[in-house]
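Asks: Let me give you the structure first, and then I'll get to my questions.
The values are calculated or read from the model by the stated rules, or taken from the named source; none is laboratory data. Source: prediction; values computed, not measured. Every residue, glycine as well, gets a Cβ built from its backbone with ideal geometry; the counts of neighbours run over all protein chains shown.
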Amino acid sequence: MMDLFFKPKSVAIIGASGKPGKLGYVIVKNIADSDFSGEVYPVNPKSDEILGYKVYRSVAEIPGDVDLVVTVLPTPKLTVATVEECAAKGVKAVIIESAGFAEMGGEGKVFQQQIVDIAKKNGIRVMGPNCSGIVSRDIVTSIYPMTKKVPKGNVVLIGQSGLLAAGMASDIVENESLNVSKVVSFGNKCDVNENDLLEYFGNEDDIDVISMYLETVSDGRNLTRIAKKAAAKKPVIFLSGGRTEAGARAAMSHTGSIASNAKIVEAAAKQTGMIMADDFTELKDFAKVFSTQPLPKGNRVAVITLAGSVGVNVSDLCATYGLELPKLTPETTEKLKDMFDTPVSNPIDLYFSVTKVGFTKTLETTFPDAFRDPNIDAAVLILAGFEYTQEAVQKKIIQKIVKEVGKPVVVCMIVGYNRYKNIIMDEMGKELPVFPSLISGVKALSKLCEYGIRRQKLSA
């Protein structure tokens, strides 16, 4: 049944509009601009044609079957009536993107319950209300305009928030900052909830990483069961909203639901192997690392830096987040001794070698040997935004080394001119996880190592 939302053969848009800027227009245009190849049925009693599609006056008037209906109507009362029409038509999947339901309390709750009753009686799955729909390469039902096609990625973002999901989708697609495949917003989750989506994407072969934002947990016991199964096969990154009293109040006004107890959520995450994020940036950061890097065998890290003080700072951060900085083997130090005036240790300070032979040669000579060291499972590479780092970036030297060695790496940016830092962030960041701070890179790597160790234990 969930395939009807993501792989429909036909879709009807109730509340479609021919006026640019209207939500009903945006949805039709998004579908038209996606790779969707099925039948498109705009529904509006006052129009004849929208973006080249024939417009129908009602769902009943549409010839043939309709797999998916997307509604964006001005009132909850009209939406309820539309769901009744969908039931009579035999529609089995409906996305309600309109607001004004349980999140508003009072009469809104009543209307939402009416929708639930109709859906249950007629075997209809409902996503929403108060959501922004689906963004994927196959179909885009979002109420927010997309300027580019969704790439063929391996990450799905599941969010209870409509604006967040749509905003993140637009930003990610526009800037190519994450290998996202699908973004799903399910709002008030009157029917389809996180458990349905987690189970579905846990079994989808083209999805390697699941990122999820929740303000409430529908069924904690079921979530634990499904998450444990999914996290054994692929990383599940979880951000829980409403963890404090203030956050819980905000969640109630946002989606009309009572937020889950923070301790229960965190305990469930630990038990299942889900990876907890603290904010939306981490939700994306962690997904970037997991979607681009291989799983490490352990938590032993090499730190490669351009300044000794930075190495000290990163060492502290590694210790804080459970990463070890082991000594390099005598064989590795012997290979590297000619590049340095002092004995090589971990962190590896490239400064003196860079002053002698330049950054590119130092990197080409030092990084592969340090990265291959049998005592090392992963690496933190610190770069500065200066002109002398650009040659290595443009020649993709770091990417080549990482690919050859086959261990994970995170790149952290420190000082430098914005124009050079931006080149590194934009160019290298399309292939490798590049972070604007030391703490964000180290924390993301620690989550990767933690999950890698867990998977090894499960395999054993």
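Asks: Taking region 58-94, which residues are among the small types (Gly, Ala, Ser) and surrounded by fewer than 20 Cβ atoms within 10 Å (Cβ to Cβ)? So that I can check it myself, show each step before the final result.
Replies: Step one: list which residues in region 58-94 are among the small types (Gly, Ala, Ser), which gives 58, 60, 64, 81, 87-88, 90, 93.
Selection gives 58, 60, 64, 81, 87, 88, 90.
Asks: Considering only residues of region 321-338 that are among the β-branched types (Val, Ile, Thr) and in contact (Cβ under 8 Å) with a residue 24 or more places away in the chain, which is surrounded by the fewest Cβ atoms within 10 Å (Cβ to Cβ)?
Replies: 329
Asks: In region 427-443, which residues are over 18 Å from the mean Cα position of the chain (by Cα) and either touching a residue at least 60 places away in the same chain (Cβ under 8 Å) or more than 14 Å from residue 382 (Cα to Cα) (or both)?
Replies: 427, 438, 439, 442, listed by residue number.
Asks: Are there any pairs with C-beta distances below 8 angstrom linking a residue in region 87-107 that is at positive phi to a residue that is in a loop (DSSP other than H, G, I, E, B) and small (Gly, Ala, Ser), with the two at least 6 apart or on different chains, and if so which?
Replies: Cβ pairs passing all conditions: 105/256.
Asks: While we're here: Residues that are surrounded by 18 or more Cβ atoms within 10 Å (Cβ to Cβ), assigned to a loop (DSSP other than H, G, I, E, B), modelled with pLDDT of 90 or more and over 12 Å from the mean Cα position of the chain (by Cα): does region 113-127 have at least one?
Replies: Yes: one or more hits.
Asks: In region 1-56, which residue that is more than 17 Å from residue 182 (Cβ to Cβ) and among the β-branched types (Val, Ile, Thr) is nearest to the chain's Cα centre (by Cα)?
Replies: The qualifying residue nearest to the chain's Cα centre (by Cα) is 26.
Asks: Right, next: Go through the residues of region 165-178 one by one and say whether even a single one is modelled with pLDDT of 90 or more and more than 24 Å from residue 88 (Cα to Cα).
Replies: To start, the set of residues in region 165-178 that are modelled with pLDDT of 90 or more comprises none.
Taking every residue of region 165-178 in turn, none turns out to be modelled with pLDDT of 90 or more and more than 24 Å from residue 88 (Cα to Cα).
Asks: Separate question: How many of the residues in region 315-344 are of a type in the set (A, V, I, L, M, F, W, C) and touching a Ser or Thr at 6+ places or on another chain (Cβ under 7 Å)? Before the answer, list the steps.
Replies: Just the residues of region 315-344 that are of a type in the set (A, V, I, L, M, F, W, C), to begin with: 317-319, 323, 325, 328, 336, 339-340, 344.
Retained after the next criterion (residues that are touching a Ser or Thr at 6+ places or on another chain (Cβ under 7 Å)): 323, 325, 336, 339-340, 344.
Number satisfying all stated conditions: 6.
Asks: Can you tell me which residue among 211, 260 is modelled with pLDDT under 90, hydroxyl-bearing (Ser, Thr, Tyr) and on the phi < 0 side of the Ramachandran plot? Let's see the steps before the verdict.
Replies: Numbers: 211 fails: modelled with pLDDT under 90.
Step by step, each of 211, 260 is checked, and only 260 is modelled with pLDDT under 90, hydroxyl-bearing (Ser, Thr, Tyr) and on the phi < 0 side of the Ramachandran plot.
Asks: Let me ask another. Assuming residue 439 fulfils every condition listed in (1) buried (at least 17 other Cβ atoms within 10 Å of the Cβ); (2) in contact with a helix residue (DSSP H, G or I) (Cβ under 8 Å, 6 or more places away or on another chain); (3) hydrophobic (A, V, I, L, M, F, W, C) apart from one, which condition is it?
Replies: (1)
Asks: Of the conditions (1) at pLDDT below 95; (2) within 22 Å of residue 79 (Cα to Cα), residue 108 satisfies every one except a single condition; which number is it?
Replies: With (1) at pLDDT below 95; (2) within 22 Å of residue 79 (Cα to Cα) applied to residue 108, the lone miss is (1).
Asks: Let me ask something else about it. Take the residues of region 371-394 that are small (Gly, Ala, Ser) and in contact with a Gly (Cβ under 8 Å, 6 or more places away or on another chain): which is farthest from residue 421 (Cα to Cα)?
Replies: Result: 384.
Asks: Sticking with this structure for a sec: So the check is Cβ under 6 Å with 6+ separation or different chains; which pairs have a first residue in region 55-73 that's over 20 Å from residue 101 (Cβ atoms) and a second one that's acidic (Asp, Glu) and part of a loop (DSSP other than H, G, I, E, B)?
Replies: 55/48
Asks: Go through 354, 380 for me and flag whichever is closer than 25 Å to residue 442 by Cα, modelled with pLDDT of 95 or more, of a type in the set (A, V, I, L, M, F, W, C) and crowded, with 18+ Cβ neighbours inside 10 Å.
Replies: 380
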